[in-house]
2 protein chains.
Amino acid sequence: MRAGERAYDTLRGEILDGVLGPGTVLQEVEQSVRLGVSRTPVREALRRLAADGLVEPTARGTIVTAISRADIVALYELREALEARAAGLAARRRADAPFLAIRDRLHDAPRLLAEGEAGLTRYFEIVDDLDRAIDEAAANPFLGSALRSVQLHSARIRRLSRHNPDRLRAAAGEHELIVDAIIAGDAELASHATHVHLHRSLTNALASAPDDDVAAPPGADDGSRVA
Amino acid sequence: MRAGERAYDTLRGEILDGVLGPGTVLQEVEQSVRLGVSRTPVREALRRLAADGLVEPTARGTIVTAISRADIVALYELREALEARAAGLAARRRADAPFLAIRDRLHDAPRLLAEGEAGLTRYFEIVDDLDRAIDEAAANPFLGSALRSVQLHSARIRRLSRHNPDRLRAAAGEHELIVDAIIAGDAELASHATHVHLHRSLTNALASAPDDDVAAPPGADDGSRVA
DNA sequence: GCGACGACTCATGTATACACGGACGCCGCC
DNA sequence: GGCGGCGTCCGTGTATACATGAGTCGTCGC
């Protein structure tokens, strides 16, 4: 695999996992040494991350962006516009098979959610597969590109609800309704059920979010932000 | 200004203007010589253009992407979701002043449209300013980012209606209605008026689009695709 | 003691040289 | 004559050296 690709995947994963918290300074030479490649692929990775909105260039290096409560609200506002539309399109243009399969898997979600970390990870795989199935069924490359962007940022704040079993169980039920609506070809219901799901997710995210920013606050030098 | 920035702006402008048509091969060394910089900033520019969706890497070089009729439909599908939402948000969150100014300028549009190329350019400046005002009033950075992406691709197909005065006059009227709705604080009307406008624009774009792709077809070696 | 100016330092921006890999064309064989 | 394999070439991927500019720290003057 190309070094630039690996550098991008590594850094992106670390930002999404919170290993590199908001405010962390990412300098090219520093990351070059750490990742064992030269500055060139690191530069490429940082540029891509900046285009994704995960980092932003500043005077003394590229820093990991923060996510404020206002950002969460704004993100969900966009998600609602995009995902409600995508769900409606998917209901009209679907192939049944993938959604039937996801419905079965979602039915097992409550059991998974009782199995600890591994179950959680598998649960989120189902949700991600649903997102992909809707994206594919919507059959719109521009919409798909926009969806991937919001899902990237959504993954960052997913950590807020990861260990909230009650919310996750409820979310699984909301997802089931969306899938049922798509299978039934009911575009309006799929769209509105998505709206409902996002509204509840947002409420939960805001309740779980710290006062200032997601992940560790930018001020503290707690070691999570060193290279 | 940075060389990478200039290279990006130059290439992007040439793609949007159709100077570099779909299928044009953009090789790094070749463009380095033409733009008078080294490969490094050209590489950066090509990566950014690829992220924008204006070019895509292939085996024998990066090529300018084509826009099929299906792409136009897909793009307008996304535009509708984004711009209708943005117009609605702008109606709720607006500051009146910029929209009052744009309304005045739009009122002069019919006169501008009779003044040839310079007038056309000024007309599109008004439309672009309206887009920016809505973006700013919506006060949502994620939505703004998505809007800039679709507006980038929209600019590519704008050439299809640029010399269709009847359509442009009608579009000016549709824009006025959107602005009026925003000023009146009527989110639903702003949203629906945007829907109407995009529906009509799409109809016109499809009627004006050649059978295969926008701009010159990828097969012909007509000189518009050399370096 | 405070403020401003200047030099130094460090990080990014750019250029270039080398490495690697695939694509195309040519040649030989079937 | 067509197909398959091999070699060459070309273009991107990576590493590195140099240029540039902004930020910071120290010092000097007021």
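Just checking, does the stretch B:18-33 include any residue being within 26 Å of B:Leu147 (Cα to Cα), under 16 Å from the mean Cα position of the chain (by Cα) and surrounded by fewer than 16 Cβ atoms within 10 Å (Cβ to Cβ)?
The answer is yes, given that some residue of the stretch B:18-33 is within 26 Å of B:Leu147 (Cα to Cα), under 16 Å from the mean Cα position of the chain (by Cα) and surrounded by fewer than 16 Cβ atoms within 10 Å (Cβ to Cβ).
If the requirement is being of a type outside the set (Ser, Thr, Tyr) and either touching a Pro at 6+ places or on another chain (Cβ under 6 Å) or under 29 Å from A:Glu136 (Cβ atoms) (or both), which of these qualifies: B:Pro41, B:Pro57, B:Pro110, B:Pro98?
Criteria check complete, one pass: B:Pro57.
Quick one: which residue in A:Thr194, A:Thr203 is more than 30 Å from B:Ser154 (Cβ to Cβ) and of a type in the set (S, T, N, Q)?
Every option except A:Thr203 fails the conditions.
For A:Gly116, work out the one condition from (1) touching a residue at least 12 places away in the same chain (Cβ under 8 Å); (2) on the phi > 0 side of the Ramachandran plot it doesn't fulfil.
The one condition A:Gly116 does not meet is (1).
Inspect all residues belonging to the stretch A:6-19 and state whether any of them is more than 14 Å from chain B (Cβ to nearest Cβ) and within 8 Å of DNA strand D (Cβ to nearest atom).
Yes, the stretch A:6-19 contains a residue that is more than 14 Å from chain B (Cβ to nearest Cβ) and within 8 Å of DNA strand D (Cβ to nearest atom).
Sort out for me the helices (runs of 4 or more DSSP H) sitting completely within the stretch A:135-214 that have 3 or more residues that are within 14 Å of chain B (Cβ to nearest Cβ) and either closer than 17 Å to A:His107 by Cα or open to solvent by 10 Å² or more (accessible area, probe 1.4 Å) (or both).
By residue number, A:141-158, A:187-208.
Taking the conditions exactly as written (among the charged types (D, E, K, R), farther than 17 Å from A:Leu147 by Cβ and open to solvent by 20 Å² or more (accessible area, probe 1.4 Å)), does A:Arg111 satisfy them or not?
yes
Would you be able to say whether some residue in the stretch B:20-34 is under 30 Å from A:Arg85 (Cβ atoms) and of a type in the set (Gly, Ala, Ser)?
no
Sort out which residues of the stretch B:76-88 are surrounded by fewer than 23 Cβ atoms within 10 Å (Cβ to Cβ) and either over 17 Å from B:Val127 (Cα atoms) or away from chain A (no Cβ under 14 Å) (or both), and write them in order of number.
Within the stretch B:76-88, B:Glu77 is the sole residue that qualifies.
Take the residues in the stretch A:4-17 that are open to solvent by less than 30 Å² (accessible area, probe 1.4 Å) and within 14 Å of DNA strand C (Cβ to nearest atom); name whichever of them is nearest to the chain's Cα centre (by Cα).
A:Leu11
How about the stretch B:134-162: which of its residues are modelled with pLDDT under 95 and over 14 Å from B:Asp17 (Cβ atoms)?
B:Ser161
Which is of a type in the set (Lys, Arg) and touching a residue at least 24 places away in the same chain (Cβ under 8 Å), of A:Arg47, A:Arg69?
A:Arg69
Just the residues that are open to solvent by less than 30 Å² (accessible area, probe 1.4 Å) and more than 9 Å from chain B (Cβ to nearest Cβ), please, taken from the stretch A:89-108.
A:Ala90, A:Ala91, A:Phe99, A:Ile102, A:Leu106
Out of the residues in the stretch B:34-43 that are within 11 Å of DNA strand C (Cβ to nearest atom), open to solvent by 60 Å² or more (accessible area, probe 1.4 Å) and closer than 18 Å to B:Met1 by Cβ, state the one that is farthest from the other protein chains (Cβ to nearest Cβ). Before you say what the answer is, go through the steps one by one.
Taking the stretch B:34-43 first, the residues within 11 Å of DNA strand C (Cβ to nearest atom) are B:35-43.
Now narrow it down to the ones that are open to solvent by 60 Å² or more (accessible area, probe 1.4 Å): B:36, B:38-40, B:43.
Those still in the list that are closer than 18 Å to B:Met1 by Cβ too: B:36, B:38, B:40, B:43.
Details: B:Gly36: 21, B:Ser38: 13, B:Thr40: 8, B:Arg43: 8 Å.
For the stretch B:34-43, the residue satisfying everything is B:Gly36.
So, in the stretch A:44-69, exactly how many residues are hydrophobic (A, V, I, L, M, F, W, C) and at the interface with another protein chain (Cβ under 9 Å from one of its Cβ atoms)? Even if it seems obvious, please write down each step before you answer.
Initially, the stretch A:44-69 is screened for residues hydrophobic (A, V, I, L, M, F, W, C), giving A:45-46, A:49-51, A:54-55, A:59, A:63-64, A:66-67.
Then keep just the ones that are at the interface with another protein chain (Cβ under 9 Å from one of its Cβ atoms); that gives A:51.
Result for the stretch A:44-69: 1.
If I filter the stretch B:44-62 down to residues being at pLDDT below 95 and open to solvent by less than 80 Å² (accessible area, probe 1.4 Å), which single residue comes out as nearest to DNA strand C (Cβ to nearest atom)?
Applying the filter and picking the extreme gives B:Thr58.
The values are calculated or read from the model by the stated rules, or taken from the named source; none is laboratory data. This is a predicted model, so every value here is computed, not measured. All Cβ positions, even for glycine, are placed from backbone atoms using ideal geometry, and neighbour counts span all protein chains on display. Areas reflect the complete protein model, heavy atoms only, side chains present, ligands, DNA and RNA absent. Shrake-Rupley method; radii C 1.70, N 1.55, O 1.52, S 1.80 Å.
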